[in-house]
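Okay, so here's the structure we're looking at.
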């Protein structure tokens, strides 16, 4: 029987049996994070030690500080990182004047802006001449291949079976626009 007692002590009890034993002895088990009733508010502990530091005491906190004082202290700490300049030394930081190229760029940009504000500039002149800016007409030559040469035989047959669309005479939408291509009969 001593071997049975030693084997029983080495076998771990199941969670359900330990819960039953705790209920019989009127001890409440704390639910784990996977069980209902677990709030997560308990401080996690390992071997009796808590992971969370305790709150600092008022003597450790010190006197309350305003935002302006905190900003000034932070600025002082940052200024310690920069090299100190003596009064007679020249400034290490120097911004060059604009180069001739950059100056020319700014003048051209300003000139273009003035032209745009003053009635459209060059674009308005082109429109007055009847030229749509940005759309160069494609030259057409008699020797140029026609539209049908790039078509497949099926495409040529389909194009031959269609008539030119007609302008709508009237209808539900007021007769505006073109009708869809009709099939030749």
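Nothing in this text is a laboratory measurement; each read-out follows from the coordinates by a stated rule. As the structure is a computational prediction, the values presented were derived from the model and not from experiment. Don't worry about glycine lacking a Cβ; one is built from the backbone with ideal geometry, like all the others, and counts go over all protein chains shown.
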Calculated FRET efficiency for the pair residue 152/residue 101, C-beta based, R₀ 41 Å, to 0.05: 0.15
Nitroxide proxy distance, nm - points 7 Å out along Cα→Cβ at residue 93 and residue 159: 6.8
Between residue 131 and residue 57, what is the spin-label point distance in nm, taking each point 7 Å from the Cα along the Cα→C-beta axis? 8.9
